[in-house]
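Remarks on the structure that follows.
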Amino acid sequence: MPHGPLSLPARLCLLAWDAARPAAGRTVPWPGLVRAGALVELAQRGLLTDVDGIATPVDLDARAGDPVLDGLLELVRESCPHSWRTWVTLRARVTSDAVREQLVAEGCLRAEKRRVLGVFPSVEYTLERATVVAALREETRQVLRGPLPAGISARDAAVALLAAVADLFAESTPGHRTRDLTERAGAATPGLGRIVREVAAAVTAGRSPDPAAARG
(Lines give C-alpha, C1' and ligand atoms only; values in the text may rest on other atoms or scores of the structure.)
Protein backbone atom coordinates (compact mmCIF):
# COMPACT_ATOMS: atom_id res chain seq x y z
CA MET A 1 0.00 0.00 0.00
CA PRO A 2 1.39 3.47 -0.86
CA HIS A 3 0.44 4.90 2.54
CA GLY A 4 3.63 4.23 4.48
CA PRO A 5 3.69 7.50 6.48
CA LEU A 6 0.22 6.81 7.89
CA SER A 7 0.19 4.86 11.13
CA LEU A 8 -2.06 1.87 11.64
CA PRO A 9 -4.57 3.84 13.79
CA ALA A 10 -4.57 6.69 11.26
CA ARG A 11 -5.42 4.31 8.41
CA LEU A 12 -8.25 2.77 10.43
CA CYS A 13 -9.58 6.21 11.32
CA LEU A 14 -9.74 7.18 7.65
CA LEU A 15 -11.33 3.87 6.63
CA ALA A 16 -13.98 4.16 9.32
CA TRP A 17 -14.58 7.83 8.57
CA ASP A 18 -15.18 6.97 4.94
CA ALA A 19 -17.52 4.10 5.89
CA ALA A 20 -19.56 6.36 8.18
CA ARG A 21 -20.23 9.14 5.68
CA PRO A 22 -22.12 11.42 5.36
CA ALA A 23 -22.42 11.83 9.13
CA ALA A 24 -18.73 11.32 9.84
CA GLY A 25 -17.73 14.97 9.64
CA ARG A 26 -18.58 15.77 13.23
CA THR A 27 -16.65 13.23 15.27
CA VAL A 28 -14.22 10.30 15.11
CA PRO A 29 -15.79 6.99 14.06
CA TRP A 30 -15.89 4.53 16.94
CA PRO A 31 -12.81 5.43 19.04
CA GLY A 32 -12.30 1.79 20.06
CA LEU A 33 -11.29 0.81 16.54
CA VAL A 34 -8.66 3.56 16.37
CA ARG A 35 -7.35 2.57 19.82
CA ALA A 36 -7.18 -1.07 18.71
CA GLY A 37 -4.94 -0.07 15.81
CA ALA A 38 -2.63 1.87 18.12
CA LEU A 39 -2.32 -1.07 20.52
CA VAL A 40 -1.45 -3.47 17.71
CA GLU A 41 1.13 -1.10 16.22
CA LEU A 42 2.83 -0.62 19.60
CA ALA A 43 2.94 -4.39 20.03
CA GLN A 44 4.29 -4.88 16.49
CA ARG A 45 7.02 -2.32 17.23
CA GLY A 46 7.99 -4.23 20.38
CA LEU A 47 7.00 -1.41 22.72
CA LEU A 48 4.08 -3.24 24.35
CA THR A 49 4.09 -6.91 25.23
CA ASP A 50 1.74 -9.40 26.83
CA VAL A 51 2.36 -10.50 30.42
CA ASP A 52 -0.33 -12.90 31.60
CA GLY A 53 -2.93 -11.15 29.48
CA ILE A 54 -1.90 -7.64 30.57
CA ALA A 55 -0.68 -4.96 28.14
CA THR A 56 2.77 -4.17 29.50
CA PRO A 57 5.38 -1.61 28.37
CA VAL A 58 8.66 -3.30 27.46
CA ASP A 59 10.85 -0.31 28.33
CA LEU A 60 9.86 2.63 30.51
CA ASP A 61 12.01 5.01 28.45
CA ALA A 62 11.37 3.77 24.90
CA ARG A 63 9.46 5.93 22.41
CA ALA A 64 7.72 5.24 19.11
CA GLY A 65 8.57 8.61 17.57
CA ASP A 66 4.87 9.17 16.78
CA PRO A 67 2.96 11.53 19.12
CA VAL A 68 -0.23 9.44 19.05
CA LEU A 69 1.53 6.18 19.82
CA ASP A 70 3.77 7.80 22.42
CA GLY A 71 0.71 9.32 24.08
CA LEU A 72 -0.92 5.91 24.42
CA LEU A 73 2.33 4.35 25.61
CA GLU A 74 2.57 6.98 28.34
CA LEU A 75 -1.06 6.40 29.32
CA VAL A 76 -0.44 2.65 29.71
CA ARG A 77 2.67 3.31 31.79
CA GLU A 78 0.87 5.68 34.15
CA SER A 79 -2.28 3.58 34.58
CA CYS A 80 -3.18 0.50 36.58
CA PRO A 81 -2.55 -2.76 34.71
CA HIS A 82 -5.31 -3.66 32.26
CA SER A 83 -6.00 -6.39 29.73
CA TRP A 84 -5.78 -5.75 25.99
CA ARG A 85 -9.56 -5.90 25.66
CA THR A 86 -9.98 -3.28 28.37
CA TRP A 87 -7.50 -0.95 26.69
CA VAL A 88 -9.45 -1.07 23.43
CA THR A 89 -12.21 1.00 25.06
CA LEU A 90 -10.68 2.59 28.18
CA ARG A 91 -10.33 6.34 27.53
CA ALA A 92 -10.20 5.46 23.83
CA ARG A 93 -11.27 8.95 22.77
CA VAL A 94 -7.92 10.31 23.99
CA THR A 95 -6.23 8.32 21.22
CA SER A 96 -8.87 8.87 18.54
CA ASP A 97 -8.91 12.63 19.10
CA ALA A 98 -5.12 12.71 18.86
CA VAL A 99 -5.25 10.77 15.59
CA ARG A 100 -7.84 13.18 14.22
CA GLU A 101 -5.65 16.18 15.01
CA GLN A 102 -2.65 14.42 13.49
CA LEU A 103 -4.62 13.81 10.28
CA VAL A 104 -5.57 17.49 10.19
CA ALA A 105 -1.91 18.47 10.51
CA GLU A 106 -1.00 16.07 7.69
CA GLY A 107 -3.72 17.45 5.40
CA CYS A 108 -5.90 14.34 5.33
CA LEU A 109 -8.74 16.03 7.23
CA ARG A 110 -9.92 19.63 7.23
CA ALA A 111 -11.10 21.40 10.38
CA GLU A 112 -13.77 24.07 9.96
CA LYS A 113 -14.92 26.29 12.82
CA ARG A 114 -18.68 26.71 13.06
CA ARG A 115 -21.27 27.93 15.54
CA VAL A 116 -24.14 25.72 16.67
CA LEU A 117 -27.41 27.67 16.70
CA GLY A 118 -25.30 30.66 15.78
CA VAL A 119 -23.89 30.84 19.31
CA PHE A 120 -21.90 27.84 20.50
CA PRO A 121 -18.46 27.36 18.92
CA SER A 122 -17.84 24.00 17.28
CA VAL A 123 -15.41 22.38 14.87
CA GLU A 124 -16.45 20.15 12.00
CA TYR A 125 -13.99 17.79 10.36
CA THR A 126 -14.25 16.58 6.79
CA LEU A 127 -12.13 14.43 4.52
CA GLU A 128 -9.63 16.50 2.53
CA ARG A 129 -7.87 13.78 0.55
CA ALA A 130 -10.76 11.66 -0.63
CA THR A 131 -8.70 10.00 -3.37
CA VAL A 132 -6.13 8.76 -0.85
CA VAL A 133 -8.88 7.29 1.31
CA ALA A 134 -10.60 5.73 -1.70
CA ALA A 135 -7.32 4.06 -2.71
CA LEU A 136 -6.73 2.83 0.84
CA ARG A 137 -10.25 1.44 0.99
CA GLU A 138 -9.96 -0.34 -2.35
CA GLU A 139 -6.57 -1.84 -1.50
CA THR A 140 -7.87 -3.04 1.86
CA ARG A 141 -10.88 -4.59 0.16
CA GLN A 142 -8.58 -6.39 -2.26
CA VAL A 143 -6.61 -7.86 0.65
CA LEU A 144 -9.88 -9.11 2.13
CA ARG A 145 -11.39 -10.44 -1.09
CA GLY A 146 -8.61 -11.27 -3.53
CA PRO A 147 -5.53 -13.49 -3.33
CA LEU A 148 -3.55 -12.67 -0.21
CA PRO A 149 -0.32 -10.92 -1.30
CA ALA A 150 2.69 -13.08 -0.50
CA GLY A 151 4.68 -10.14 0.82
CA ILE A 152 1.96 -8.37 2.78
CA SER A 153 3.39 -6.52 5.77
CA ALA A 154 2.27 -7.08 9.36
CA ARG A 155 0.85 -3.56 9.44
CA ASP A 156 -1.19 -3.99 6.25
CA ALA A 157 -2.46 -7.34 7.50
CA ALA A 158 -3.54 -5.74 10.78
CA VAL A 159 -5.32 -2.89 8.98
CA ALA A 160 -7.31 -5.34 6.86
CA LEU A 161 -8.08 -7.63 9.80
CA LEU A 162 -9.33 -4.85 12.09
CA ALA A 163 -11.33 -3.26 9.27
CA ALA A 164 -12.97 -6.62 8.66
CA VAL A 165 -13.85 -7.39 12.29
CA ALA A 166 -15.16 -3.82 12.68
CA ASP A 167 -17.47 -4.54 9.73
CA LEU A 168 -16.32 -1.52 7.71
CA PHE A 169 -17.11 -3.29 4.43
CA ALA A 170 -20.52 -4.40 3.28
CA GLU A 171 -19.51 -7.98 2.51
CA SER A 172 -18.57 -10.50 5.17
CA THR A 173 -14.97 -11.70 5.22
CA PRO A 174 -14.35 -15.47 4.94
CA GLY A 175 -13.14 -17.05 8.15
CA HIS A 176 -10.01 -18.47 6.52
CA ARG A 177 -8.99 -14.97 5.40
CA THR A 178 -9.32 -13.49 8.90
CA ARG A 179 -7.26 -16.39 10.25
CA ASP A 180 -4.58 -15.79 7.61
CA LEU A 181 -4.50 -12.07 8.37
CA THR A 182 -4.31 -12.70 12.11
CA GLU A 183 -1.32 -14.98 11.52
CA ARG A 184 0.42 -12.43 9.29
CA ALA A 185 -0.27 -9.52 11.66
CA GLY A 186 1.14 -11.42 14.63
CA ALA A 187 3.99 -13.33 13.01
CA ALA A 188 6.87 -10.99 13.90
CA THR A 189 7.48 -12.07 17.49
CA PRO A 190 6.31 -14.80 19.88
CA GLY A 191 3.13 -13.81 21.72
CA LEU A 192 2.13 -11.16 19.20
CA GLY A 193 -0.51 -13.43 17.70
CA ARG A 194 -2.33 -13.60 21.03
CA ILE A 195 -2.31 -9.82 21.31
CA VAL A 196 -3.77 -9.42 17.82
CA ARG A 197 -6.48 -11.97 18.58
CA GLU A 198 -7.43 -10.29 21.87
CA VAL A 199 -7.63 -6.84 20.32
CA ALA A 200 -9.59 -8.11 17.31
CA ALA A 201 -12.03 -9.90 19.62
CA ALA A 202 -12.65 -6.67 21.51
CA VAL A 203 -13.37 -4.85 18.25
CA THR A 204 -15.78 -7.59 17.20
CA ALA A 205 -17.59 -7.40 20.53
CA GLY A 206 -17.90 -3.63 20.44
CA ARG A 207 -18.76 -3.00 16.82
CA SER A 208 -22.03 -1.39 15.78
CA PRO A 209 -24.27 -3.06 13.21
CA ASP A 210 -24.50 0.32 11.46
CA PRO A 211 -21.14 1.91 10.47
CA ALA A 212 -22.65 5.38 10.87
CA ALA A 213 -23.51 4.57 14.47
CA ALA A 214 -19.92 3.66 15.23
CA ARG A 215 -18.94 7.30 15.53
CA GLY A 216 -19.37 7.64 19.27
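The values are calculated or read from the model by the stated rules, or taken from the named source; none is laboratory data. Being a predicted model, the structure only gives us computed values, none of them experimental. We place every Cβ from the backbone using ideal geometry, glycine too, and count neighbours over all the protein chains shown. Ligands, DNA and RNA are excluded from the accessible area calculation, which covers all protein heavy atoms including side chains. Shrake-Rupley method; radii C 1.70, N 1.55, O 1.52, S 1.80 Å.
Scanning segment 155-171 for residues that are open to solvent by 10 Å² or more (accessible area, probe 1.4 Å), farther than 19 Å from Arg194 by Cβ and either part of a helix (DSSP H, G or I) or of a type in the set (Asp, Glu) (or both) gives Asp156, Asp167, Glu171. Go through the residues of segment 198-207 one by one and say whether even a single one is modelled with pLDDT under 90 and within 17 Å of the chain's Cα centre (by Cα). Within segment 198-207, one or more residues are modelled with pLDDT under 90 and within 17 Å of the chain's Cα centre (by Cα).
Is it true that Arg63 is in contact with a helix residue (DSSP H, G or I) (Cβ under 8 Å, 6 or more places away or on another chain) and in a loop (DSSP other than H, G, I, E, B)? In short, yes. When Ala38 is tested against (1) more than 18 Å from Pro9 (Cα to Cα); (2) among the aliphatic types (A, V, I, L, M); (3) in contact (Cβ under 8 Å) with a residue 40 or more places away in the chain, only condition (1) is not met. Which of (1) open to solvent by less than 40 Å² (accessible area, probe 1.4 Å); (2) of a type in the set (S, T, N, Q); (3) at pLDDT 95 or above is the odd one out, the single condition Thr49 does not satisfy? The single condition Thr49 does not satisfy is (1).
Among the residues of segment 71-78, are any surrounded by fewer than 18 Cβ atoms within 10 Å (Cβ to Cβ) and in contact with a Pro (Cβ under 6 Å, 6 or more places away or on another chain)? There is at least one residue in segment 71-78 that is surrounded by fewer than 18 Cβ atoms within 10 Å (Cβ to Cβ) and in contact with a Pro (Cβ under 6 Å, 6 or more places away or on another chain).
Considered as a group, the residues in segment 172-186 that are open to solvent by 70 Å² or more (accessible area, probe 1.4 Å) and in contact with a helix residue (DSSP H, G or I) (Cβ under 9 Å, 6 or more places away or on another chain) include one that is modelled with the lowest pLDDT, and that residue is Ser172.
Could you tell me which residue of segment 131-149 is nearest to Leu6 (Cα to Cα), considering only residues that are free of Cβ contacts under 8 Å to residues at least 60 places away in the same chain and open to solvent by less than 60 Å² (accessible area, probe 1.4 Å)?
The residue in question is Val143.
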